[in-house]
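Quick notes on the structure that follows.
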Amino acid sequence: MKDFIDEFKDFVNRGNLVELAVAFTLTLFFVPVVNAIVDGLIMQLIAGIFGQPSFDSITIDVGDAQLFVGTVITALVTFLIVAFVCFLIVRAYNAMRAQGDEDQGPSEIELLIEIRDELRSRGS
């Protein structure tokens, strides 16, 4: 039983699990922000252009049935907006991270290449 508890402690104390929990928590609180941007700003711009805040009213009648094409279009537009916002966030993060990497100096591979080249030049 002690081995089981030790194994569980190791599992919980792994950095990946903690990072995953933090990412999940941030995601939960990020969703309302994205929804506010999409519903409060972008879809209102769509309403200003098209007269409605969504495309839900677009339907196609097929016999007695009605296909809600506008609901699919609204979901796709919302997805593309969210994907674009996430892209901008990741792009800004990568740019910020790249600036920090420049200050660290050469990578291990670059150092090994320099050592190899120096050794070759001394041998010839």
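The values are calculated or read from the model by the stated rules, or taken from the named source; none is laboratory data. Everything numeric in this text was worked out from a predicted model, so none of it was measured. With ideal geometry, Cβ positions are generated from the backbone for all residues, glycine too; neighbour counts draw on all protein chains shown. In case anyone asks, the SASA skips ligands and DNA or RNA and just uses the protein heavy atoms, side chains included. Shrake-Rupley method; radii C 1.70, N 1.55, O 1.52, S 1.80 Å.
Note that the chain presents 85 Å² accessible area per residue, ligands and nucleic acids not counted, probe 1.4 Å. Put a plus charge on the Cβ of each Lys and Arg, a minus charge on the Cβ of each Asp and Glu, and nothing anywhere else: the dipole of the chain about its Cα centre is then about 100 debye. Give the angle, between 0 and 90 degrees and rounded to the nearest 10, that separates the Cα long axis of helix 108-123 from the longest principal axis of the Cα atoms of the chain. That works out to roughly 30 degrees.
Taking the chain as a Gaussian network of alpha-carbon nodes connected by springs under 10 Å, the highest mean-square fluctuation of the residues PHE87, PHE24, PHE68 belongs to PHE24. Note the angle between two axes, namely the Cα long axis of helix 69-102 and the longest principal axis of the Cα atoms of the chain, as a number of degrees from 0 to 90, rounded to the nearest 10. Approximately 20 degrees, to the nearest 10. Over the residues of the chain, the helix contribution to mean residue ellipticity at 222 nm works out to -25500 deg cm²/dmol, using -39500 (n - 2.57) for each DSSP H run of at least 4.
Angle of helix 15-37 to the longest C-alpha principal axis of the chain, folded into 0 to 90 degrees and rounded to 10: 30°. Available extension along the chain between ILE60 and ASN16 is 11.0 nm, counting 0.36 nm per residue and deducting the alpha carbon span.
Using the alpha carbon gyration tensor of the stretch 10-124, what are the three equivalent-ellipsoid semi-axes (square root of 5 times each eigenvalue), largest first, in whole Å? Let's see the in-between values first.
Numbers: eigenvalues 514, 82, 50 Å².
Those come to 51, 20, 16 Å.
Considering the dipole of the stretch 1-99 built from charges on the beta carbon (Lys and Arg +1, Asp and Glu -1) around the Cα centre, which of PHE55, PHE87, ILE37 is farthest to its positive end? Working it through, the farthest residue towards the positive pole turns out to be PHE87. For GLN104 and VAL31, what does the FRET efficiency come to when R0 = 41 Å and r is the distance between their Cβ atoms, rounded to the nearest 0.05? So, using R0 = 41 Å, E works out to roughly 0.75.
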